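Q: One structure, pasted below without further comment.
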Amino acid sequence: MRHTPVGTAVARTWLCVLLIVPALQALATEPMASWREGQSRQAIEAFVSAITQEGGTDYIAPAERIAVFDNDGTLWSEQPMYFEVLFAMDEIKRLAPQHPQWREQQPFKAVLENDHQALAAQGMDGMMKIVVATHAGMSSEDFIARSRSWLASARHPRTGKPYTEMVFQPMLELLAYLRNNGFKTYIVSGGEVAFMRAFAEEVYGIPPEQVIGTTLNAAFQDKQGALSIQRLPELVHNDDGPGKPVSIDSIIGRRPVLAFGNSDGDLQMLQWTTAGKGKRFAGLVHHTDAQREWAYDRNSSVGRLDKALDQARIKGWTVVDMANEWRRVYPFETPQ
């Protein structure tokens, strides 16, 4: 057996350290470090470079640099079911002792018996009954407190991680990259607005006033000097599909120059963004990674990507291949 002198071995070890540490430091400080070099990253960086170049033909003033993002499936995972739906189902079980009639009433009966087939048969009407029962009849402050309590204790059924850790590291980096280049970032999601406001600022760095979502009616209440905003069991705005451009127009008042989604529910938001004058960017997160996350698109009952995928290919929108273009999916992963 050939023995390597101790001094030589030590020298080689230090050489490896000297080579590796700078590479790791560069990875840690590099904008969008979790994005591999590829078409999507190049398209994003080229767009940002073009519209921030003062004097350039594509320059966009900072006040007009509006970027909108869907939430479910775009900024965090949405499988095996939308996380807010899982919250609502847990709330039904928690509140069930106060509503014994739910044992015999659908869709509550299906939730209490974990009968997913019966729950699916209730359709959107059944889901709205669950949302109204768990999201209304309290003040906005109480609802946000309930949401935060659930987020602090609930764990994802596959990873065992808190739902707020099931966020996409590359998208967190993209949000930061855009803000560092003068963008104002908004969430425009089909999720209920107060539920998202419970965590969006802490997790995404997006303040409550820049979170747009499905909205319930509300009323100001003065109860012997105790003031509150009470959430009512009435849907005011469904912020999905064509509802997204409507809410963007009414709340932001500017057409975005960049939009990111992941499903057909984001199609109209992407269309509205790219229909504006000047240089525009539309992106889709394509769930292609069955090992680190999930692989699904056209046939999925959650986050279906069908018509929007066809439009992306026709219009030349950026489609992010999660499996091949992301070094890691979640913050708790080691980069590949």
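The values are calculated or read from the model by the stated rules, or taken from the named source; none is laboratory data. Everything quoted here is computed from the prediction, not taken from an experiment. Every residue, glycine as well, gets a Cβ built from its backbone with ideal geometry; the counts of neighbours run over all protein chains shown. For accessibility, only protein heavy atoms count, side chains too; no ligands or nucleic acids. Shrake-Rupley method; radii C 1.70, N 1.55, O 1.52, S 1.80 Å.
Q: State the extension gain, in nm to one decimal, for the chain segment bounded by Glu104 and Ala176, taking 0.36 nm per residue of separation less the distance between their alpha-carbons.
A: Here the segment from Glu104 to Ala176 would lengthen by 21.1 nm.
Q: Please calculate the 1.4 Å probe accessible area of Tyr59, with all protein chains present, and give it to the nearest 10 Å².
A: 80 Å²
Q: Quick one: work out the % antiparallel among DSSP beta bridges in region 155-310, nearest 5.
A: Here the antiparallel bridges make up roughly 55 percent for region 155-310.
Q: Still on this structure, I have one more. For Glu202 and Asp115 in the same chain, what is the full-extension length gain: residue separation times 0.36 nm, less their Cα-Cα distance, in nm? Present the calculation step by step, with values, prior to reporting the outcome.
A: Working: separation 87, 0.36 × 87 = 31.32 nm, distance 3.42 nm.
Between Glu202 and Asp115, full extension yields an extra 27.9 nm.
Q: Considering only Ala88, Gln98, Met128, whose Cα is most displaced toward the positive end of the charge dipole of region 86-133, charges sitting on Cβ of Lys, Arg (+1) and Asp, Glu (-1)?
A: The residue sitting farthest along the positive end of the dipole is Gln98.
Q: Continuing with the same structure: Say the dipole of region 242-306 comes from +1 at the beta carbon of Lys and Arg and -1 at that of Asp and Glu; which of Ser300, His286, Ile251 then lies farthest toward its positive end?
A: Going by the Cα projections, it comes out as Ile251.
Q: Could you state the angle between the C-alpha long axis of helix 169-180 and the longest principal axis of the C-alpha atoms of the chain, as a value from 0 to 90 degrees rounded to the nearest 10?
A: So the helix axis and the longest Cα principal axis differ by about 80 degrees.
Q: Give me the accessible area per residue for the chain, probe 1.4 Å, as a whole number in Å². Don't jump to the answer; show the numbers that get you there.
A: Values: 16770 Å² over 336 residues.
Heavy-atom accessible area per residue stands at 50 Å².
Q: Please find the FRET efficiency linking Glu45 to Thr334, where r is the Cβ-Cβ separation and R0 is fixed at 30 Å, and quote it to the nearest 0.05.
A: On the way: r = 24 Å, r/R0 = 0.81.
Given R0 = 30 Å and the Cβ-Cβ separation, E is 0.80.
Q: May I pose another question? Which whole-number percent is the relative contact order of region 222-336 (Cα, under 8 Å, 6+ apart)?
A: Numbers: 146 pairs, mean separation 22.8, N = 115.
Value for region 222-336: 20 percent.
Q: Would you mind putting 215-227, 110-122, 63-75 in packing order, based on average other-beta-carbon counts within 10 Å, highest first? Before the final figure, lay out each step's value.
A: On the way: 215-227: 10.7, 110-122: 15.2, 63-75: 23.2.
The packing order, highest mean first, is 63-75, 110-122, 215-227.
Q: At a threshold of 8 angstrom on Cα-Cα distance, excluding pairs fewer than six apart, so keeping six or more, what relative contact order does the chain reach in percent?
A: 21 percent
Q: With +1 on each Lys and Arg Cβ and -1 on each Asp and Glu Cβ, and nothing else charged, work out how big the dipole of the chain is about its Cα centre, in Debye to the nearest 20. Walk me through the intermediate numbers first.
A: Values: 34 positive and 39 negative charges, 131 e Å.
So the dipole magnitude of the chain works out to roughly 640 debye.
Q: Quote the accessible area belonging to Arg103 in square angstrom, nearest 10, computed with a 1.4 Å probe and with ligands, DNA and RNA left uncounted.
A: The accessible area of Arg103 comes to roughly 130 Å².
Q: Can you pull the three principal axis extents for the Cα set of region 41-151, in Å, largest first?
A: Computed over the Cα atoms, the extents are 67, 32, 22 Å.
Q: Ok, one more. Angle, helix 83-95 long axis vs. longest principal axis of the chain, Cα atoms, 0 to 90°, nearest 10?
A: Once rounded, the angle reads 40 degrees.
Q: Then there is this: Go through [x] 38, 27, 16; [y] 39, 27, 20; [z] 34, 27, 17 and flag the label whose value is the computed semi-axes √(5λ) of the Cα gyration tensor in Å for this structure.
A: [y]
Q: Continuing with this model, one more query. GNM on the chain, C-alpha springs below 10 Å: top fluctuator among Gly316, Gly243, Gly55?
A: Gly55
Q: Shape verdict for region 28-72, please, from the Cα gyration tensor: rounded (a/c under 1.5), prolate (a/b greater than b/c) or oblate.
A: On the way: a/c = 2.08, a/b = 1.39, b/c = 1.50.
Because a/c hits 1.5 or more and a/b fails to exceed b/c, region 28-72 counts as oblate.
Q: Ok, one more. Please give the helix 6-29 orientation as an angle from the longest Cα principal axis of the chain, in degrees from 0 to 90, rounded to the nearest 10.
A: 40 degrees
Q: Okay, next question. Of the listed peptides 287-295, 325-333, what is their order by residue-averaged count of other C-beta atoms within 10 Å, with the highest listed first? The partial results should precede the final answer.
A: On the way: 287-295: 16.7, 325-333: 18.2.
Highest mean packing first, the order is 325-333, 287-295.
Q: Beyond a 21 Å Cα-Cα separation, which of these cross-linked pairs lie in this structure: Lys184/Lys315; Lys279/Lys307; Lys244/Lys307; Lys129/Lys307? Could you put the intermediate results ahead of the total?
A: Details: Lys184/Lys315 25 Å; Lys279/Lys307 23 Å; Lys244/Lys307 16 Å; Lys129/Lys307 28 Å.
Lys184/Lys315; Lys279/Lys307; Lys129/Lys307, as the Cα separations exceed 21 Å there.
Q: Out of all DSSP beta bridges with both ends in the chain, state the antiparallel percent to the nearest 5. Could the numbers behind the result be given before it?
A: Details: 12 of 31 bridges.
Counting DSSP beta bridges with both partners in the chain, the antiparallel share is about 40 percent.
Q: Now for a separate question. If each residue of separation counts as 0.36 nm, what is the full-extension length gain between Asn217 and Ala63 once their alpha-carbon separation is subtracted?
A: 52.4 nm
Q: Let's see if you can work this out: charge +1 on each Lys and Arg Cβ, -1 on each Asp and Glu Cβ, no other charges. What is the dipole magnitude of region 146-277 about its Cα centre, in debye to the nearest 20?
A: Dipole size: approximately 200 debye.
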